[in-house]
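The structure appears right after this line, and notes come after that.
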Amino acid sequence: QVQLVESGGGLVQAGGSLRLSCAASGRTFSSLTMGWFRQAPGKGREFVAAISWSGGKTAYADSVKGRFTISRDNAKNTVYLQMDNLKPEDTAVYYCAARYGVGLGTETTQYAYWGQGTQVTFSS
């Protein structure tokens, strides 16, 4: 069983930055592909970024490419999402997710484990 706990959300202004963290329980973190998804009010949950077990491969949604960076520290059982140059459309609840298996998943159905989410709100 894998448990995920996100942190780091909050209010952000135009062009601002935030770093989200996701701490995972268990001894198998280094075997997991990790992902970040987000869900804006009234919309479905969408893929943001994913990272392979080693950190050697990453994938990003087009909407965040060049602004967001996913990384992981297997010694700390933690995955991060550095978000720079934030925009109003980035307002959402951000979820950390984990999966076993080969390949970087970009669909919610590919992930078996989910955190409770952390809110990121754009403040004008």
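With respect to A75, determine if the residue is of a type in the set (A, V, I, L, M, F, W, C), in a loop (DSSP other than H, G, I, E, B) and free of Cβ contacts under 8 Å to residues at least 12 places away in the same chain. Give the derivation first.
Working: of a type in the set (A, V, I, L, M, F, W, C): yes; in a loop (DSSP other than H, G, I, E, B): yes; free of Cβ contacts under 8 Å to residues at least 12 places away in the same chain: yes.
The answer is yes for A75.
Results for (1) surrounded by 14 or more Cβ atoms within 10 Å (Cβ to Cβ); (2) among the acidic types (D, E); (3) on the phi < 0 side of the Ramachandran plot; (4) within 13 Å of the chain's Cα centre (by Cα), shown as yes or no for each residue.
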position	(1), (2), (3), (4)
G35	yes, no, yes, yes
G42	no, no, no, no
D73	no, yes, yes, no
Q82	yes, no, yes, yes
D90	yes, yes, yes, yes
V102	no, no, yes, no
G115	yes, no, yes, yes
F122	yes, no, yes, no
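Scan segment 2-24 for residues that are open to solvent by 30 Å² or more (accessible area, probe 1.4 Å), assigned to a loop (DSSP other than H, G, I, E, B) and touching a strand residue (DSSP E or B) at 6+ places or on another chain (Cβ under 8 Å) and the total you get is 6. Taking first residues from segment 110-124 that are more than 19 Å from A98 (Cα to Cα) and partners that are among the aliphatic types (A, V, I, L, M) and part of a loop (DSSP other than H, G, I, E, B), the Cβ contacts under 7 Å between residues at least 6 apart in sequence or on separate chains come to F122/L86. Residue pairs whose Cβ atoms lie under 9 Å apart, separated by 6 or more positions or on different chains, with the first residue in segment 37-64 and over 17 Å from L86 (Cβ atoms) and the second part of a loop (DSSP other than H, G, I, E, B) and basic (K, R), are A50/K57; I51/K57.
The values are calculated or read from the model by the stated rules, or taken from the named source; none is laboratory data. Every value quoted in this text rests on a predicted model; they were computed, and no experiment measured them. With ideal geometry, Cβ positions are generated from the backbone for all residues, glycine too; neighbour counts draw on all protein chains shown. For the accessible areas, the whole protein counts, side chains as well, though only heavy atoms, and no ligand, DNA or RNA atoms are used. Shrake-Rupley method; radii C 1.70, N 1.55, O 1.52, S 1.80 Å.
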